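The values are calculated or read from the model by the stated rules, or taken from the named source; none is laboratory data. Being a predicted model, the structure only gives us computed values, none of them experimental. All Cβ positions, glycine included, derive from the backbone under ideal geometry; neighbour counts span all protein chains shown.
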């Protein structure tokens, strides 16, 4: 009968030490810093500074008094004057303008995203003839100039000139890159899901408007964000279609504020941050969907 030697005290610790040593010397555990890695990080820092420095300068200006800004425009604020934001909000009547822009943005972005889904789905699935031609048409629409004269005449003849409805509908019709994003992301969704829903008795519109948005949440959120940015920042179409000041979006309100307070740089900076803040908040809440949309469309597609 073979006797198994009893373990000697300290053998367990020695074995654990050897395993730990192997784990630490296993290839691939050490992240080597290569020149390309350094260059990548340097480029990311440069890009971040390019975007952050103007915002930081704007914030620094908004926290100064006008006298302090005129004495030292590029210097750091010494005594923050937060009242600039309240003064700009009150004197520029931004409460009404921001409310108008929120209404325009939410409705137009929602309708634009919905139209992008209704158009992009049949093209991506090949349910229409010549889907590649449609894809090319979607791409070519991005490079077409704005036909402002035609839009103005259309709104005038449909009695939509100087109306909130006309402005919102025209903005919603500019779907932009939405159909391309949705049709590209749909390549990651198996066609068998469509067939299973049809076998279960789901109609085309029910499947498109209730089941599919759950699967397309990242790309629909991305489309909504891009649409919302375009609507919120619009000033040209608003200048053409609106004459009543109470219907102005926040961009036209900021433009009017600039004309009144041209020499008040601190108030102008505060007003600019007030206009930009809602979009920044929207992006912070929905950025994970934006990343998921890009990664999903690139990897799965």
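Only one entry of 142, 158, 154 meets the criterion of being free of Cβ contacts under 8 Å to residues at least 60 places away in the same chain, over 29 Å from residue 210 (Cβ atoms) and either touching a strand residue (DSSP E or B) at 6+ places or on another chain (Cβ under 8 Å) or surrounded by 14 or more Cβ atoms within 10 Å (Cβ to Cβ) (or both), and that entry is 154. Report yes if residue 201 is in a loop (DSSP other than H, G, I, E, B), more than 22 Å from the chain's Cα centre (by Cα) and modelled with pLDDT under 90, otherwise no. In short, yes.
With respect to the conditions (1) under 18 Å from residue 173 (Cβ atoms); (2) under 19 Å from the mean Cα position of the chain (by Cα), residue 219 lacks only one, and its number is (1). There is no residue in the stretch 230-237 that is under 30 Å from residue 72 (Cβ atoms), without any contact (Cβ under 8 Å) to a residue 60 or more places away in the chain and part of a helix (DSSP H, G or I).
For every residue, the table says whether it meets (1) surrounded by 15 or more Cβ atoms within 10 Å (Cβ to Cβ); (2) farther than 26 Å from residue 223 by Cβ.
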{"position": "48", "(1), (2)": "no, no"}
{"position": "66", "(1), (2)": "yes, yes"}
{"position": "69", "(1), (2)": "yes, yes"}
{"position": "83", "(1), (2)": "no, yes"}
{"position": "90", "(1), (2)": "no, yes"}
{"position": "94", "(1), (2)": "yes, yes"}
{"position": "99", "(1), (2)": "no, no"}
{"position": "107", "(1), (2)": "yes, no"}
{"position": "115", "(1), (2)": "yes, no"}
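Here residue 228 clears all of (1) closer than 21 Å to residue 93 by Cα; (2) buried (at least 20 other Cβ atoms within 10 Å of the Cβ) except the condition numbered (1).
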